[in-house]
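Contents: one structure, followed by commentary.
We did not get these values from a lab; they are worked out from the coordinates using the rules stated. Bear in mind the structure is a predicted one, so any value in this text is a computation, not a measurement. Don't worry about glycine lacking a Cβ; one is built from the backbone with ideal geometry, like all the others, and counts go over all protein chains shown.
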Amino acid sequence: MSRLIVISNRVNPPADTGVGTAGGLAMALSAALRDGDGVWFGWSGQTVDTFTGQLSMQKIGGVTVALMDLEEQDLQEYYNGFANKTLWPLLHYRTDIAQFERSFEGGYERVNRRFADTVAPLIGADDVIWVQDYHLIPLARELRRRGVTNRIGFFLHVPWPARRVFETLPRHAELVQAMFDYDLLGFQTEDCMEAFADYVTGSAHGSVNGAGEARAWNKRTRLGAFPIGIDAADFARAVKSSTARDAWSRIRESMAGRKMILGVDRLDYSKGLEERFLAYEQFLHDHPDQQEKVFLLQVATHSRDAVEAYQDIRERLESVSGRINGAYATMDWVPLRYVNRSYRRDELAGIYRAAHIGLVTPLRDGMNLVAKEFVAAQDPDDPGVLILSEFAGAAAQMSQALIINPFSREEVADAIRQALAMPRKERCERWRAMMDGIERDDVGAWRDSFVRALSGLSAANDGPLRPTLASLQSA
Ligand code: GDG
């Protein structure tokens, strides 16, 4: 029997969907695998003195997981190193802070070999393998070297950058060449897929045809855009839970009639938090009549604390938020509530619902699930307004949001003003159009469309597909 084997760096499904974790990939994968007969393989998050390759199989929150431990050196060189100090900034256009060290690269290759050694014995003849994200780009090459001939697909959760940006990575061609050992490469947006195609034709002197077939290094693979969604039905349940209702009441009470602008992000420099704070300051400056009538609640959960760039952004945010509150706060009004703790997922649903504006302003983002969760949590009869960065993958699907350039304080400040004044009828119309898309293109649809394209099944009885997928499968 054919199973789906999903492989990602961390395997951390929430034990209870109401609790959740901060991180888009974990939420999406646990939703995609829950109650199916698939297996989710990857790192346990634990380190040991010497790598053993031993697997621990468990069932967590309805998902079968296979976990292995890594060594401390792996954590430093592969995870904190190549993944989070080299690739993450590079893929988010931050060549200024990307670090290139050979030890990182060596650790990355070693851990990818360890993943391959450990998972290969689990793979049955008919299994379909789906590798997730930038941590594991060379994994298909390692599996092929070990004789694995199964279908293997790869999905990139983060952006694929412009060609000349990617070329700043030393030995970039080796990494892309390894991607040609996958049968299917999935991107969040058409834009990212086209940027990859541009690399193939411009840097690798290969070709990409109209059906998404890419050829280079005497190999071929398929390209497709598969925008990820949220578990809309599960989120609707979370919004109705008593925990969500309690959180809603608590925050509404604390609002004292003021309007709430809300940001929810992992504390990451790609999320544009400093620019967001400065844009909000601009809004307060430009609209003195609005002071004391609004406040910004920013929930920013600590993330990747071991990486210096994350310590830097934390310090900058503490300083900017302190300055704004120092300049504008009054006896009974704090303009910026900056919170570094994380909330249960169902509490978060209640907080989203209480907000008048969702402020989602990443400088670069593969998709951004917060934008979708914010919309999914709204009251259909009186929804809040989403302000969304044009550089989030979500903007390609959510054109009814107020789309802004997050680098322009004035543009973001104007959008806040527009959102606060937006009539209910217009809010409802924009919300309905976005909500239809969220319900239709949910995480199940994302999984099914990717797996179907990878398995090469006929789309004839499976309803409409996006044009890219349709052309992929008829090719
Ligand atoms: C990567 C890509 C892509 C946040 N704070 C809390 C909390 N969260 C949850 C949110 C959301 C998730 O974390 C964040 O997802 P995003 O998609 O916004 O961002 P990344 O973590 O950077 O995810 C991204 C995603 O992968 C999926 O492909 O969209 O572009 O960068 O679900 O709700 N959850 C809880 N408490 C918090 O305080 N429980």
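Before moving on, here are some points about what is shown:
- Within the chain, antiparallel bridges make up roughly 20 percent of the DSSP beta bridges whose residues both belong there.
- Pairs from the table (372/425; 240/293; 59/85; 240/372; 85/219; 219/372) lying more than 26 angstrom apart at Cα are 240/293; 59/85; 85/219; 219/372.
- Shape category assigned to the range 232-440 from the gyration tensor of Cα positions, a/c cut at 1.5: rounded
- Size of charge dipole - the range 223-349 - debye, nearest 20, with Cβ of Lys, Arg +1 and Asp, Glu -1, no other charges: 480 debye
- Rg/Rh for the chain stands at 0.97; both radii use Cα atoms, and Rh follows the Kirkwood definition.
- If you take all other residues with their beta carbon under 15 Å from the beta carbon of residue 46, and give Lys and Arg +1 and Asp and Glu -1, the sum is -3.
- Estimated from helical segments only, the mean residue ellipticity of the chain at 222 nm is -12000 deg cm²/dmol, where each DSSP H run of four or more residues counts as -39500 (n - 2.57).
- For the range 258-319: rounded, prolate or oblate by the Cα gyration tensor [a/c cutoff 1.5]: prolate
- In terms of packing, defined here as the mean over residues of other Cβ atoms within 10 angstrom, the peptides 138-147, 225-234, 324-333 line up highest first as 225-234, 138-147, 324-333.
- Extension gain for residue 424-residue 408 works out to 3.1 nm (0.36 nm per residue, less the C-alpha to C-alpha distance).
- Of the chymotrypsin sites (Phe, Trp or Tyr not before Pro) in the range 202-285, the ones in a loop by DSSP (not H, G, I, E or B) with at most 16 other beta carbons within 10 Å are 217.
- For the range 389-457, applying the loop criterion from DSSP together with a ceiling of 16 other beta carbons within 10 Å to the chymotrypsin sites (Phe, Trp or Tyr not before Pro) yields 407.
- Other residues within the sphere of radius under 10 Å centred on the Cβ of residue 154, judged by their own Cβ, net out at -3 (K and R +1, D and E -1).
- The chymotrypsin sites (Phe, Trp or Tyr not before Pro) found in the range 127-170 include none that occupy coil by DSSP while having at most 10 further C-beta atoms within 10 Å.
- Total formal charge among the other residues, if their Cβ is under 14 angstrom from that of residue 304, Lys/Arg +1 and Asp/Glu -1: +1
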